[in-house]
Amino acid sequence: MKKTLEQLYNFEPLSISDSYKVLEQISKDAFNPAQVSAFICSYLMRDITVNELTGFRNALLDLCIPFKTEYDSIDLCGTGGDSKNTFNISTISSFIVAGSGIKVTKHGNYGVSSFCGSSNILESLGHQFSNNNDLLNKQLDKANICFLHAPLFHPAMKSVAGIRKQLGMKTFFNLLGPLVNPAQPKNQLIGVFSLKILRVYQLLHQNSDKNVTLVHTIDGYDEVSLTNSFKLVGSNFEYLHEPEEFNFTTYNATDISGGNNISDAKTIFLKILNNKATKAQTDVVLANAGIAIANFNNTSVLEGIEVARKSLQSGKALESLNLLLNTKS
């Protein structure tokens with residue numbers, strides 16, 4: 001590790017193979033916490049490279065417990081780390097997508113750089129996490145969605161969980177979350193918190209056979225927040241959009257706040273899925289769910305938004321949540 005740290009502190013990037021090896025060794029507790037902390041923090045001082053992120057991703061995928069399914073599915077997942085304290089937009093949007101009939105293999109975890117991650121909100125609703133293939137496929141069949149709680153599929157991450165929690169800030173592990181879904185779905189909506197990271201993701205996916213849409217709102221959100229212009233980037237397109245193009249209003253940051261605790265986040269979550277939320281809260285999830293539906297169905301975003309709206313207003317999105325919570329064996 002000493003040689004690796006010296007290399008990083010000299011701003012010399014790691015190769016794909018070296019990145020793979022160091023993360024593999026970290027997972028085996030080959031280094032002490034001080035060394036691991038120093039390694040993680042080195043990436044707070046400079047941008048990660050495509051090769052480094054590729055090596056880290058490959059290592060975690062090789063070390064993870066895979067989820068096997070015959071369903072064609074999509075994941076809606078952001079990097080987090082935007083420090084915007086929004087409610088659980090991608091998680092709620094996932095249920096709207098599921099309510100439209102699309103299978104969703106949602107990957108998530110407890111909040112690290114935020115107080116309420118997708119795992120926190122689902123746990124507060126009584127959902128029991130599992131990595132049982134049969135159960136998860138049954139949930140996909142009945143609810144059109146299953147939830148892949150990262151710690152159950154990535155035992156290699158256990159060695160850094162405590163350090164990440166103590167640091168309490170975004171690290172390169174935030175960037176890995178959307179890349180290491182155990183189901184490896186062919187379709188993804190990935191939110192990123194900066195234009196620099198968007199470019200890294202774009203390069204990483206440029207030769208991929210996956211159907212990926214990257215989203216970033218230019219005032220720093222890792223989702224379509226409707227607070228400003230936002231970018232949509234895919235393998236063969238890149239657009240800068242205004243909320244008004246999709247018949248939405250431009251909102252203030254306070255309009256999409258997640259509150260101060262998990263209880264607040266849970267209240268917002270249920271209000272939205274019961275179609276009793278504010279217009280701002282509803283519009284934001286419809287925008288993100290609509291883009292994901294358009295990604296999966298290869299339709300226009302406006303068409304995707306209308307499908308999302310029907311899913312929410314008909315109660316199908318809420319039904320997907322209830323079916324997931326009640327399918328336990």
- Identify the single condition in (1) on the phi > 0 side of the Ramachandran plot; (2) not assigned by TED's automatic domain parsing to the domain that holds PRO182 that SER83 does not satisfy, given that it satisfies every other one. (2)
- Item | Search result, residues across the range 28-63 that are crowded, with 18+ Cβ neighbours inside 10 Å and small (Gly, Ala, Ser) | GLY55, ALA59
- Message: Of everything in the range 104-138, what is free of Cβ contacts under 8 Å to residues at least 60 places away in the same chain, of a type outside the set (Gly, Ala, Ser) and surrounded by fewer than 22 Cβ atoms within 10 Å (Cβ to Cβ)? Give them in sequence order.
- Response: TYR110, GLU123, PHE129, ASN132, ASP134
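For the range 72-86, what are the residues that are in a loop (DSSP other than H, G, I, E, B), surrounded by 24 or more Cβ atoms within 10 Å (Cβ to Cβ) and in contact with a strand residue (DSSP E or B) (Cβ under 7 Å, 6 or more places away or on another chain)? Show your work before the answer.
Within the range 72-86, the first condition is being in a loop (DSSP other than H, G, I, E, B), and the residues that meet it are 72, 79-85.
Keeping just the survivors that are surrounded by 24 or more Cβ atoms within 10 Å (Cβ to Cβ) gives 79-80, 82.
Across the range 72-86, the qualifying residues are THR79, ASP82.
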- Task: Check whether at least one residue in the range 185-196 is free of Cβ contacts under 8 Å to residues at least 60 places away in the same chain and more than 18 Å from PRO66 (Cβ to Cβ), and report yes or no.
- Result: yes
- Task: Could you figure out which of (1) assigned to a loop (DSSP other than H, G, I, E, B); (2) modelled with pLDDT under 95; (3) not aliphatic (A, V, I, L, M) isn't true of HIS127?
- Result: (2)
- Message: For PHE115, only one of the following conditions fails: (1) assigned to a loop (DSSP other than H, G, I, E, B); (2) modelled with pLDDT of 90 or more. What is its number?
- Response: (2)
- Output the number of the condition that LEU325 fails; it satisfies all remaining conditions of (1) closer than 26 Å to LEU148 by Cβ; (2) out of contact with any His (no Cβ under 6 Å at 6 or more places or on another chain). (2)
- Query: Scanning for something buried (at least 19 other Cβ atoms within 10 Å of the Cβ) and of a type in the set (Ser, Thr, Tyr), does the range 160-179 turn up at least one residue?
  - Reply: yes
- Message: Given the options PHE248, PHE269, PHE296, PHE230, name the one that is in contact with a His (Cβ under 9 Å, 6 or more places away or on another chain) and either at pLDDT 95 or above or closer than 17 Å to GLY78 by Cβ (or both).
- Response: PHE230
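Table: residues versus (1) within 27 Å of LEU152 (Cβ to Cβ); (2) among the small types (Gly, Ala, Ser); (3) within 17 Å of the chain's Cα centre (by Cα).
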position	(1), (2), (3)
GLN188	yes, no, yes
LEU195	no, no, yes
VAL224	no, no, yes
ASN247	no, no, no
ILE262	yes, no, no
- Message: Every residue in the range 93-103 that is surrounded by 24 or more Cβ atoms within 10 Å (Cβ to Cβ) and touching a strand residue (DSSP E or B) at 6+ places or on another chain (Cβ under 8 Å), please.
- Response: SER93, SER94, PHE95, VAL97, ALA98, ILE102
- Message: I want to confirm something. Restricting to the range 219-269 and keeping residues that are without any contact (Cβ under 8 Å) to a residue 24 or more places away in the chain and of a type in the set (A, V, I, L, M, F, W, C), which single residue is nearest to ASN298 (Cα to Cα)?
- Response: PHE237
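When you go through ASN298, ASN247 one by one, which is the residue that is within 15 Å of VAL224 (Cβ to Cβ), of a type in the set (S, T, N, Q) and surrounded by fewer than 17 Cβ atoms within 10 Å (Cβ to Cβ)? Step through it out loud before you land on a result.
Values: ASN298 fails: within 15 Å of VAL224 (Cβ to Cβ).
Step by step, each of ASN298, ASN247 is checked, and only ASN247 is within 15 Å of VAL224 (Cβ to Cβ), of a type in the set (S, T, N, Q) and surrounded by fewer than 17 Cβ atoms within 10 Å (Cβ to Cβ).
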- Just a yes or no: is a residue in the range 229-251 in contact with a Phe, Trp or Tyr (Cβ under 6 Å, 6 or more places away or on another chain) and under 22 Å from THR91 (Cα atoms)? yes
- Give me a count of the residues in the range 1-50 that are modelled with pLDDT of 95 or more, within 23 Å of LYS196 (Cβ to Cβ) and of a type in the set (Gly, Ala, Ser). 2
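The values are calculated or read from the model by the stated rules, or taken from the named source; none is laboratory data. In this text the structure is predicted, and so the values were computed from the model without any measurement. For neighbour counting, all protein chains shown are included, and Cβ atoms are generated from backbone atoms with ideal geometry for every residue, glycine included.
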